[in-house]
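These notes concern the structure reproduced below.
The values are calculated or read from the model by the stated rules, or taken from the named source; none is laboratory data. None of these values were measured; they are calculated from a predicted model. All Cβ positions, glycine included, derive from the backbone under ideal geometry; neighbour counts span all protein chains shown. For the accessible areas, the whole protein counts, side chains as well, though only heavy atoms, and no ligand, DNA or RNA atoms are used. Shrake-Rupley method; radii C 1.70, N 1.55, O 1.52, S 1.80 Å.
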Amino acid sequence: MVSQETKETRTATSTTLPGARAATDDPVRTADTSLSASRPPGTPTRAWRTRLVVVGIVLAALNLRPAITSLGALLEEVRDDLGMSGSVAGLLTSVPPLCFAVFGLAAPRLARRFGSGAVVCAGMAAIGAGLLIRPWAGGTAGFLAASALALMGIAVSNVLMPAIVKRWFPDRVGSMTGLYSMALALGTATAAAATVPVTGALGGDWRWGLAVWAALAAAAVLPWLALTRERGEATAARTEAASGGSAGGLRMTRSRTAWALAVFFGLQATAAYITMGWMAQIFRDAGVAAGTAGLLLAVTMAMGVPLAFVIPRVATRLPHQGPIVIALGLCGLAGYAGLYVAPAGGAWAWALLLGVSNCAFPLALTMVGMRARTGAGVGQLSAFAQSTGYLISIPGPLLVGVLYQHSGGWGLPLALMAALMVPQMAVGVLAGRDRTVEDEAAR
């Protein structure tokens, strides 16, 4: 006899638009069924484990950006104390995408060997260690090395989150991606808004203002540590990779959709990391107080909290995600134009517009989950799109720093940001078409 819950799931799936994923209002209930299907035979179904997965996803997502946005809020103080030039600071803002590209490639292989939960657990531990060490590492080189340790943990978690969602919540890709993206945006915004006042409360030393975020990473280790102690998680991951047919041997370079998604990911990441690394400085150079500039950056990041939950759910109901791509891109163009014309006078409006534009990130994650059929396929596509995309994004923040230092203003950097938004919209429309990488790679 089929349970009522299973009937509801089938009904939701049958009424979903072509190319979309089913979505209802209770991802945790359905996850019990999905999770039991992904376990080896004989493994008991445990509702607490399902909820622990959800808690682990949320806590992990909260830790994927504070290492970056907390630094953005105190970049001027760090530069002055460590003696960084504008070019070196631009290099510092390019380190995150470099680490994401290099270390993200290893994530699927590590997950197949040790299990995705164990890899994410180790990633959270690396984030905490890096954040705790880097303020006192001594000099620019030590600061960069400790930052790279934290960013390594972020990189593997970045890649594995879409695969984790696809494997454990296959009928709730939109809902769970929205929840994960919303938590990521919340962590990003909180770090941007709270770092300056927390630094003041801790005596005004920027080192304590950066190190305090290690506590959040330590909290995220706990649920994943509990999950890795459950037998069968790594076995389930390996079994799915093997049962995914051609997924393990997909050549992503043969898929036009994979390339479009990778370039889209890279261009939106370029815009996001320029924003996180430099937007507060743009406002400060326009005469805005440091605390207010940090708050404006927080507002930009906070826009992702509600929109990161809404956009993936809307995207999974559309046969083509191109219209969302265009709308987000136009908001970005308007925000850059405003920063050039009246950076201080319309600061709040530009912060809001750029916050909407930055929601291309949860849209990209959603499309990763929609453009492959299995969790193994999503993991491989996620690694290709994110690693290739982050490689593409590396020159952007560095070039902004060089242009800013040599031009003495923000006109040329803002022109660069606006120019990159046009190809971002073009490749986003291509990536939003209703097709899967398995079909394209097979052809």
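For segment 342-361, the set of residues classified as assigned to a loop (DSSP other than H, G, I, E, B) and buried (at least 24 other Cβ atoms within 10 Å of the Cβ) consists of N358, C359, listed by residue number.
For S157, the stated conditions hold: it is at pLDDT 85 or above, among the small types (G, A, S), closer than 16 Å to G56 by Cα and under 18 Å from the mean Cα position of the chain (by Cα). Residue pairs whose Cβ atoms lie under 7 Å apart, separated by 6 or more positions or on different chains, with the first residue in segment 190-219 and within 20 Å of I154 (Cα to Cα) and assigned to a loop (DSSP other than H, G, I, E, B) and the second open to solvent by less than 50 Å² (accessible area, probe 1.4 Å) and among the β-branched types (V, I, T), are V212/V198.
For T190, the conditions (1) modelled with pLDDT under 80; (2) surrounded by fewer than 24 Cβ atoms within 10 Å (Cβ to Cβ); (3) β-branched (V, I, T) all hold with the exception of (1). Taking L430, is it without any contact (Cβ under 8 Å) to a residue 24 or more places away in the chain and out of contact with any Asp or Glu (no Cβ under 8 Å at 6 or more places or on another chain)? No: the conditions fail for L430.
Taking the criterion of being among the β-branched types (V, I, T) and open to solvent by 10 Å² or more (accessible area, probe 1.4 Å), the only residue of segment 367-383 that qualifies is T374.
Considering only residues in segment 48-75 that are among the β-branched types (V, I, T) and open to solvent by 10 Å² or more (accessible area, probe 1.4 Å), the one that is modelled with the lowest pLDDT turns out to be I68. The residues listed here are A145, A226; of these, the one that is more than 14 Å from P66 (Cα to Cα), open to solvent by 30 Å² or more (accessible area, probe 1.4 Å) and without any contact (Cβ under 8 Å) to a residue 40 or more places away in the chain is A145.
Identify, please: which residue in segment 387-401 is among the aliphatic types (A, V, I, L, M) and modelled with pLDDT of 85 or more and is, among those, surrounded by the most Cβ atoms within 10 Å (Cβ to Cβ)? Checking each candidate, the answer is V400.
When P162, P170, P135 are screened for being touching a helix residue (DSSP H, G or I) at 6+ places or on another chain (Cβ under 7 Å), in contact (Cβ under 8 Å) with a residue 24 or more places away in the chain and outside any helix (DSSP H, G or I), only P170 passes.
Given the criteria modelled with pLDDT of 85 or more, open to solvent by less than 40 Å² (accessible area, probe 1.4 Å) and in contact with a Lys or Arg (Cβ under 8 Å, 6 or more places away or on another chain), does L261 qualify? Taking the combined requirement at face value, the residue satisfies it. In segment 410-435, the qualifying residues are those that are touching a helix residue (DSSP H, G or I) at 6+ places or on another chain (Cβ under 8 Å) and assigned to a loop (DSSP other than H, G, I, E, B), and the one that is surrounded by the fewest Cβ atoms within 10 Å (Cβ to Cβ) is R435. Scanning segment 392-419 for residues that are within 27 Å of A364 (Cα to Cα) and out of contact with any Gly (no Cβ under 7 Å at 6 or more places or on another chain) yields I394, P395, G396, L399, P413, L414, A415, L416, M417, A418, A419. Output the residues belonging to segment 171-185 that are surrounded by fewer than 24 Cβ atoms within 10 Å (Cβ to Cβ) and under 19 Å from R49 (Cα atoms). Answer for segment 171-185, where residues must be surrounded by fewer than 24 Cβ atoms within 10 Å (Cβ to Cβ) and under 19 Å from R49 (Cα atoms): D171, L179.
Only a single criterion out of (1) closer than 28 Å to I164 by Cβ; (2) at pLDDT below 75 is not satisfied by A101, namely (2).
From the list A302, A308, A364, the one residue that fits, being under 16 Å from L184 (Cβ atoms), open to solvent by 30 Å² or more (accessible area, probe 1.4 Å), touching a residue at least 24 places away in the same chain (Cβ under 8 Å) and within 21 Å of the chain's Cα centre (by Cα), is A302.
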